[in-house]
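Engineer: Before anything else, here's the structure in question.
The values are calculated or read from the model by the stated rules, or taken from the named source; none is laboratory data. Note that the structure is predicted; figures quoted are calculated from it, not measured. As a convention, Cβ positions derive from the backbone with ideal geometry for all residues, glycine included, and neighbour counts pool all protein chains shown.
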Amino acid sequence: MTTDAPAKDEPTHLLTAIDDTLEAYCLDRDLPRFRTRQIREWLFKKRATDWSQMTNLPQTLRAQLASDLQLWSTKIIRHTKSADGTEKLLIGLADGGQVECVLLRDRVRRTICVSTQVGCGMGCVFCASGLDGVDRNLTTGEIVEQMLRLQMLLDEKERLSHIVVMGMGEPLANLDALLPALTEAHRPEGLDISARRITISTVGLPKAIDRLTSLNSHYRLAISLHAPNDELRNQLVPVNHRIGMASILQAADNYFNSSGRRLTFEYVLLADINDEPKHAKQLATILTGREALLNIIPYNPVTGLPYRTPSMPRQIQFRKILEASGLRVRFRHRKGDDIDAACGQLRRSQAAQQHLKDSPPPTDGQ
Ligand code: SAH
């Protein structure tokens, strides 16, 4: 039995297969086919939050739709807003699971970051998302729902410009659900965001990268490298043991050759672990000759984990060595620090608060 299928008496979650669901619905009830287009427009373009707002549908149809089709399957558990304009949602799923998603504001850019799994199975030692392993894959509808809910946070004049699949989970371990969600992000009747403004961030699963290549995908790919050699990467990214960097780089190069999209490599900078000059030099050597961008992310500390952010002089030293080698380097500045914007952190702090609330009150020993 699969946990993704709704029970018989539950309404269908519309966003999981929106066209199929609406077309079948209209056919069954002899409704004109343009109703599908109208409903899509309300959801993706006019940012409707409810059936009742869809005022070009007859009122009886709106009421009928509300009882037959489930528009939202999730609820917002927490909404936090940072001084720098970053907003974060902690989303509660129908089965009680929780995921996070983020809206980032940077000049004219409006970027959203979405999750693909509840937890993560990759086990990167420094990351909050994977500390408790993976519970399950998100459905297409749950991924699309994050996009729409984040879009609703925008002011009327703001428009979504970029999507990064860098939230909780390993996107390439859930491609079956992710790809239709990204199609909705990309298609003109959906969010209409160009494929080159959609980035999938992966720990590096060669078979899934090959699948993207064979599907002729044009999304940007970001590979989370974090180490310049297998020995160190095996320690930081345990799944590397059975994969190895050579096969990841090979799959990534093939993707670049077929898609023409410049690759991004991500490197979380951890004090005294992967931030030494020799690491920078080795990294430059393995990436040389590639049309790639190297994204250095100074570590965002996670409560309870022993890793630290390197000092500023150390970061600058690392950067200079890489730049001298001719690589394109960008340091990703942290955003939303005051709202636990790094992946998995809000969920953890919420869980900790819940734990405190659920614990019996301290007694005074009487
Ligand atoms: N599973 C995907 C998406 C993970 S989140 C992947 O591995 O790419 C996106 C990026 O943030 C990854 O590179 C991840 O390693 C990094 N990351 C995770 N926790 C972090 C932290 N506390 N500080 C900085 N970067 C972190």
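Engineer: Having 3 or more residues that are β-branched (Val, Ile, Thr) and touching a residue at least 12 places away in the same chain (Cβ under 8 Å) is the bar; report the strands (runs of 3 or more DSSP E) wholly within segment 51-111 that clear it. Quick ask: steps written out before the conclusion?
Structural biologist: Numbers: elements: 75-81, 87-92, 98-106.
Counting at least 3 such residues, we get 75-81.
Engineer: Would you point out which residue out of THR303, THR309 is in a loop (DSSP other than H, G, I, E, B) and surrounded by fewer than 17 Cβ atoms within 10 Å (Cβ to Cβ)? Full working, then the answer.
Structural biologist: On the way: THR309 fails: surrounded by fewer than 17 Cβ atoms within 10 Å (Cβ to Cβ).
Matching residue, one of THR303, THR309: THR303.
Engineer: Right, next: Confirm whether HIS279 is on the phi > 0 side of the Ramachandran plot, in contact (Cβ under 8 Å) with a residue 12 or more places away in the chain and assigned by TED's automatic domain parsing to the domain that holds ALA208.
Structural biologist: On the way: on the phi > 0 side of the Ramachandran plot: no; in contact (Cβ under 8 Å) with a residue 12 or more places away in the chain: yes; assigned by TED's automatic domain parsing to the domain that holds ALA208: yes.
No; evaluated as a whole, the condition is false for this residue.
Engineer: Another question, if that's okay. If the requirement is being within 13 Å of the chain's Cα centre (by Cα) and either surrounded by fewer than 20 Cβ atoms within 10 Å (Cβ to Cβ) or outside the structural domain of GLY260 (by TED's automatic domain parsing) (or both), which of these qualifies: HIS162, HIS186?
Structural biologist: Working: HIS186 fails: within 13 Å of the chain's Cα centre (by Cα).
After applying the criteria, what remains is HIS162.
Engineer: Going residue by residue through segment 225-243, is there one that turns out to be of a type in the set (Gly, Ala, Ser) and more than 14 Å from VAL125 (Cα to Cα)?
Structural biologist: Here is the first cut: in segment 225-243, the ones of a type in the set (Gly, Ala, Ser) are 227.
When the remaining residues are screened for being more than 14 Å from VAL125 (Cα to Cα), the result is none.
Looking for residues that are of a type in the set (Gly, Ala, Ser) and more than 14 Å from VAL125 (Cα to Cα), one finds none in segment 225-243, hence no.
Engineer: Which residue, of PHE331, PHE265, is within 16 Å of the ligand (Cβ to nearest atom), modelled with pLDDT under 95 and among the aromatic types (Phe, Trp, Tyr)?
Structural biologist: Working: PHE265 fails: modelled with pLDDT under 95.
Result of the check over PHE331, PHE265: PHE331.
Engineer: Another question about this same structure. Just the residues that are away from the ligand (no atom under 12 Å from the Cβ) and among the polar types (S, T, N, Q), please, taken from segment 223-262.
Structural biologist: Residues satisfying the conditions are ASN229, ASN234, GLN235, SER247, GLN250, ASN254, ASN257, SER258, SER259.
Engineer: Let me ask you something else. Of everything in segment 157-167 that's farther than 22 Å from PRO206 by Cβ and part of a loop (DSSP other than H, G, I, E, B), which residue is farthest from the ligand (Cβ to nearest atom)? Before you say what the answer is, go through the steps one by one.
Structural biologist: Residues of segment 157-167 that are farther than 22 Å from PRO206 by Cβ, as a first pass: 157-163, 167.
Now restrict to residues that are part of a loop (DSSP other than H, G, I, E, B): 157-161, 167.
Numbers: LYS157: 29, GLU158: 24, ARG159: 24, LEU160: 19, SER161: 19, GLY167: 7 Å.
Restricting to residues being farther than 22 Å from PRO206 by Cβ and part of a loop (DSSP other than H, G, I, E, B), the top hit is LYS157.
Engineer: Looking only at segment 280-296, filter to residues that are away from the ligand (no atom under 16 Å from the Cβ) and of a type outside the set (A, V, I, L, M, F, W, C); which one of those is surrounded by the fewest Cβ atoms within 10 Å (Cβ to Cβ)?
Structural biologist: First pass over segment 280-296, keeping only residues away from the ligand (no atom under 16 Å from the Cβ): 280-282, 284-286, 288-291.
Those left that are additionally of a type outside the set (A, V, I, L, M, F, W, C): 281-282, 285, 288-291.
Working: LYS281: 14, GLN282: 16, THR285: 12, THR288: 11, GLY289: 9, ARG290: 17, GLU291: 11.
Only one residue tops the list, namely GLY289.
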